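The values are calculated or read from the model by the stated rules, or taken from the named source; none is laboratory data. It should be emphasised that the depicted structure is a prediction, and the values quoted were computed from it without experimental measurement. Quick reminder, even Gly has a Cβ in these numbers, built from the backbone with ideal geometry, and neighbours come from all protein chains shown. With ligands, DNA and RNA removed, areas are computed over all heavy atoms of the protein, side chains included. Shrake-Rupley method; radii C 1.70, N 1.55, O 1.52, S 1.80 Å.
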Amino acid sequence: MFSLFQPLKKSVCSFGLALLALVLSTQNALADGIFIPDPPPIDNPVTLEESWLTIRYHRVSVLIEDQIAVTRVEQEFLNELDWEVEGTYVFPLPEGAAISEFVLWVDGEPVEAKILEADQARQIYENIVRERRDPALLEYVGKGAVQARIYPIPPGGSRKVELEYSQVLQMDNGLIKYSYPLNTEKFSAQPLEDCSVRIELNSRQPLRSIYSPTHQDRIYLNRDGEFQAVVSYEENYVLPDQDFELIYTLSKEDVALNLLTYPDPGGYFGSEQTGYFLLMAAPAVEVDQIIPRDIVLVLDTSGSMEGDKLDQAKMAAGYVLTHLNQEDTFNVIAFSTGVQHFSRQLQPVSQVSQAIAWIDRMQALGGTNINLALLEAMAQRNLEREGGSDRQLVILFLTDGLPTEGVTDIDQILANAKASASNRIRMFAFGVGDDVNTELLDTLSQDNRGLVSYVRPSERIDEEVSALFARIKSPVLANLELDFGGILVEDVYPPVLPDLFSGTQLLIAGRYRLPAGSGNKTTISLTGSVNSHQETFVYQANFDPGERTEGANSFIPRLWAARKIGYLLNQIRYQGENKEWVDAVIQLSIRYGIITPYTSFLVVEENIFSREGWDEAAQELMEEYAGPAVGAEAVDKAEAEANLRSAESVPQPVVTGDSYLTDPNQPVLKYVGEKTFFFQGGVWIDSTFDSDSMNTLQIGFGTSVYYELLSARPEWGKYLALGENVIFVIDGKAYEILPGEGELNELPAHLSLPENQSSSQNNDQRIRDQVVRPFCAAPLLLGVVLTSLGGKARV
């Protein structure tokens, strides 16, 4: 067996050149190692899909040290078929992988593997499509690969495959990306029992943002100071359907800013170039100056809180009070029919133990006077205290019911709260159970730059409160404002920026326009207050950084769309039907494939690609979305909206078909790069297809024109891989793949490459210009890089 981080023995010059040749053949890979079975030795032929083995587990361990990533992969393939299986193992090479080592083991024994250049790999994939009529592998066309033969696996038997490779990660203005091809959805007969990725980051420069655009909601991040971190992802019994991507930034600044952009496929708005952006802002993990605050806990002690709810609320209060910063002050207000104060004045942390004892004596009695409790809490900022005029007042407001005492009208309560508000007040509301008014709690939090959390009947109050307070414990910058210089930005989410806290990061998504002649470069300024003075952090940004990797940052438009939909749904729910808002939700949902519990009907609407279908969908959305602001359904909607508004990643949608489909488990919505496809009437249809105005150029699946198209436009292989019935739109033209001969007997001139030049040759020349020449000018650097990567070179 082999060790992940063993030293690399110096390679001879010829091996270094061979590795460089391998780099030239690599492009983006969209899946992990694949076992491609030979046709089975049985009388009745089966499809390729029916002969896939089961991937029992897929484990990835990565060490990244100063831009050098060493990746180790372990997989086990299980034969659950009735016949002996022999086949080929193929590992598509990730983009930019400067392979210093590629060790391949099968059941503990090293096996011979060979490098496939893009043309060789394409020929293998094409042959499989011709023989087995399964285009699933075509997404790798134009990619290099490593290939090995796997000896027979008996029924019930398995083979373990382990491999290791190293690569140098590129840094762009302090931002580094790592990608691991994890998509196993199409190549395993059963869900994986265990799928995991563990990435250890070690850096000489301070780590700032650590962000996964594909798995942010499913990763666990453990930071160990400024220079080390571990990112972990693990799921069981899953079919992974996205590559694993990680973005991290390095900076010595107290607050680091980094920009990612994605140009609009449409290109221009009049004479202006348009696109999408994601701005990441991350403060240091260990900061010297934390903003002191006044913390007021407001606890509902009405009769409905009796029992476990009050006990958990007391524990939550204890957690908050024992985790205050030394310069914070606090108070506690309990409310039911009336209000009780722990103290008439804000207290130092030295009084925490007395406050906890006071809270322990609370009893659940009386009604719910929310209006009075809010006004009492917000009035704490007016208490005279030396040096307190500029301090932030943070209110943690917890209730489990509706107002039943004093002012009970929701609009009046909100008006009273707004009249008492200040830009120094932050409101974090906790709605316990389903008998809360979501409009009240959502609005209070949004108007006061806070958050709302709903504690459902099956959840614990103390866990929800402690989790949120841990995030907001150490503020470093408040009252944030952004300036993008000469770049026009719009539709920015969140529209009102929250405070920035130590150890967290802020993601800001929006659209940009570059006025004609204005240039692409600008200075972005982030300004905020630290105690009583202002601080500004600047970032030199380029909204058009030149040539891009195919599909790079294509997640940004979808992330932006998810956030916008969340805000629009919130507006519709609380301000009533507005045709422009409703139409925008439908169009964004279809265009970007953002399916919510209240727009899920879109996936089974057969005419959603026509104007008539959009109008019908808009009407259905209003019928689905109507309802009161109280109750379980209202809380469901509030939580769904909040998740969209704060989305940090958009995973592949888990939406399956309806009864009209042949297979009810067939996915009916898929993301492919920047595109969204709906499965309608047995056809995968690009969401940008307009059936009212577009005619399709029909190409027969498996015909000579089909393979000519694949050769000329290998980047379209990922669309062809969807199946035999696909409609996709490129540059305003619609192409349709369908069974039979189609309408073309030769490739149109606008799709053809120059005579005697293949797509892969053209691509290899471009890479050679970018990679070979710089390396040829610095042969000593190549030797240093290869020597430092670690491991034994096997391929």
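Identify, by number, the condition in (1) open to solvent by less than 30 Å² (accessible area, probe 1.4 Å); (2) among the polar types (S, T, N, Q); (3) more than 23 Å from L644 (Cα to Cα) that T523 doesn't meet.
(1)
If the requirement is being in contact (Cβ under 8 Å) with a residue 24 or more places away in the chain and in contact with a Pro (Cβ under 8 Å, 6 or more places away or on another chain), which of these qualifies: Y140, Y178?
Details: Y178 fails: in contact with a Pro (Cβ under 8 Å, 6 or more places away or on another chain).
Only one candidate passes the filter, namely Y140.
Restricting to region 40-62, give me the number of residues that are out of contact with any helix residue (DSSP H, G or I) (no Cβ under 7 Å at 6 or more places or on another chain), touching a residue at least 12 places away in the same chain (Cβ under 8 Å) and open to solvent by 40 Å² or more (accessible area, probe 1.4 Å).
Residues meeting the conditions: 6.
Mind counting the residues in region 592-606 that are in contact (Cβ under 8 Å) with a residue 24 or more places away in the chain and more than 26 Å from the chain's Cα centre (by Cα)?
So the answer is 1.
Do you know which of the residues in region 526-538 that are within 19 Å of I425 (Cβ to Cβ) and crowded, with 19+ Cβ neighbours inside 10 Å is modelled with the lowest pLDDT? Outline the logic, then answer.
Pass one, region 526-538, residues within 19 Å of I425 (Cβ to Cβ): 528-532.
Within this subset, residues satisfying the condition of being crowded, with 19+ Cβ neighbours inside 10 Å are 528-529.
Numbers: G528: 91, S529: 87.
Out of the qualifying residues, it is S529.
If I filter region 415-434 for residues that are acidic (D, E) and touching a Pro at 6+ places or on another chain (Cβ under 8 Å), do I get at least one hit? Outline the logic, then answer.
So in region 415-434, the residues acidic (D, E) come out as 434.
Add one more test, that the residue is touching a Pro at 6+ places or on another chain (Cβ under 8 Å), and what stays is 434.
Yes, region 415-434 contains a residue that is acidic (D, E) and touching a Pro at 6+ places or on another chain (Cβ under 8 Å).
If I filter region 260-272 for residues that are out of contact with any helix residue (DSSP H, G or I) (no Cβ under 8 Å at 6 or more places or on another chain) and among the aliphatic types (A, V, I, L, M), do I get at least one hit?
no
Identify all residues within region 173-197 that are over 28 Å from L207 (Cβ atoms) and either part of a loop (DSSP other than H, G, I, E, B) or open to solvent by 40 Å² or more (accessible area, probe 1.4 Å) (or both); write none if there are none.
Scanning region 173-197 gives T184, E185, K186, S188, A189, Q190, P191, E193.
Give the residues of region 187-204 that are under 20 Å from P37 (Cα atoms) and either under 21 Å from the mean Cα position of the chain (by Cα) or polar (S, T, N, Q) (or both), sorted by residue number. I'd like the intermediate steps shown before the answer.
Going through region 187-204, the residues under 20 Å from P37 (Cα atoms) turn out to be 187-192.
Those that are under 20 Å from P37 (Cα atoms) and either under 21 Å from the mean Cα position of the chain (by Cα) or polar (S, T, N, Q) (or both): S188, Q190.
May I ask you to say which residue of D447, D483, D435 is over 28 Å from A632 (Cβ atoms) and among the charged types (D, E, K, R)? Even if it seems obvious, please write down each step before you answer.
Details: D447 fails: over 28 Å from A632 (Cβ atoms); D435 fails: over 28 Å from A632 (Cβ atoms).
The unique qualifying residue is D483.
Counting residues that are at pLDDT 80 or above, which helices (runs of 4 or more DSSP H) fully inside region 699-795 reach at least 3?
Numbers: elements: 704-712, 717-720, 759-767, 773-776, 779-789.
Helices (runs of 4 or more DSSP H) meeting the threshold: 704-712, 717-720.
Conditions first: (1) open to solvent by 20 Å² or more (accessible area, probe 1.4 Å); (2) under 29 Å from T322 (Cβ atoms). V455 passes all but one, so which condition is the exception?
Of everything listed in (1) open to solvent by 20 Å² or more (accessible area, probe 1.4 Å); (2) under 29 Å from T322 (Cβ atoms), V455 misses just condition (1).
Take region 592-613 and flag every residue that is in a helix (DSSP H, G or I) and open to solvent by less than 60 Å² (accessible area, probe 1.4 Å). If you could, list the steps in order and put the result at the bottom.
If we filter region 592-613 for residues that are in a helix (DSSP H, G or I), which is where we start, we get 592, 600-604, 611-613.
Correct list: Y592, S600, F601, L602, V603, V604, G613.
Sort through L477, L497, L559 and tell me the only one that's in contact (Cβ under 8 Å) with a residue 12 or more places away in the chain and part of a strand (DSSP E or B). Give the derivation first.
Numbers: L497 fails: part of a strand (DSSP E or B); L559 fails: part of a strand (DSSP E or B).
From the options L477, L497, L559, the qualifying one is L477.
From the set of residues in region 322-354 that are in contact with a Leu (Cβ under 6 Å, 6 or more places away or on another chain) and in a helix (DSSP H, G or I), which is nearest to L398 (Cα to Cα)?
Looking at the filtered set, the residue picked out is V352.
Pull up region 411-428, narrow it to residues that are aliphatic (A, V, I, L, M) and touching a strand residue (DSSP E or B) at 6+ places or on another chain (Cβ under 6 Å), then point me to the one that is surrounded by the fewest Cβ atoms within 10 Å (Cβ to Cβ).
Looking only at region 411-428, we keep the residues that are aliphatic (A, V, I, L, M), and these are 413-415, 417, 419, 421, 425, 427.
From what's left, touching a strand residue (DSSP E or B) at 6+ places or on another chain (Cβ under 6 Å): 425, 427.
Working: I425: 22, M427: 26.
My answer is I425.
Cβ-Cβ below 6 Å, separation at least six or inter-chain, first residue in region 625-646 and on the phi > 0 side of the Ramachandran plot, second open to solvent by 20 Å² or more (accessible area, probe 1.4 Å): which pairs?
G627/E633; G631/D434
For every residue, the table says whether it meets (1) modelled with pLDDT of 80 or more; (2) of a type in the set (F, W, Y); (3) more than 30 Å from P206 (Cα to Cα).
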site	(1), (2), (3)
E74	yes, no, yes
F77	yes, yes, yes
L81	yes, no, yes
I115	no, no, yes
A118	no, no, yes
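Pull up region 359-378, narrow it to residues that are open to solvent by less than 50 Å² (accessible area, probe 1.4 Å) and outside any loop (DSSP other than H, G, I, E, B), then point me to the one that is farthest from F397 (Cα to Cα).
Checking each candidate, the answer is I359.
Got at least one residue in region 205-222 being closer than 30 Å to P37 by Cβ, in contact (Cβ under 8 Å) with a residue 12 or more places away in the chain and among the basic types (K, R)?
Of all residues in region 205-222, those closer than 30 Å to P37 by Cβ come to 214-215.
So of that shortlist, the ones also in contact (Cβ under 8 Å) with a residue 12 or more places away in the chain come out as 214-215.
This time we only want the ones that are among the basic types (K, R), so: none.
Checked region 205-222: no residue is closer than 30 Å to P37 by Cβ, in contact (Cβ under 8 Å) with a residue 12 or more places away in the chain and among the basic types (K, R).
Within the set of pairs 6 or more residues apart or between chains, which connect a residue that is touching a residue at least 24 places away in the same chain (Cβ under 8 Å) and of a type in the set (S, T, N, Q) inside region 228-239 to a residue that is in a strand (DSSP E or B) and open to solvent by 50 Å² or more (accessible area, probe 1.4 Å) with Cβ atoms less than 7 Å apart?
Every condition considered, the pairs that remain are S232/R198; S232/Y220.
Across region 140-168, what is the number of residues that are open to solvent by 10 Å² or more (accessible area, probe 1.4 Å), outside any strand (DSSP E or B) and at negative phi?
Within region 140-168, residues that are open to solvent by 10 Å² or more (accessible area, probe 1.4 Å), outside any strand (DSSP E or B) and at negative phi number 4.
Any idea which of (1) among the hydrophobic types (A, V, I, L, M, F, W, C); (2) over 30 Å from V106 (Cβ atoms); (3) not in a strand (DSSP E or B) is the one L201 doesn't satisfy?
(3)
Answer with yes or no whether S166 is farther than 30 Å from Y707 by Cα, among the small types (G, A, S) and at pLDDT below 85. Don't jump to the end; show me each part of the working.
Numbers: farther than 30 Å from Y707 by Cα: yes; among the small types (G, A, S): yes; at pLDDT below 85: yes.
The answer is yes for S166.
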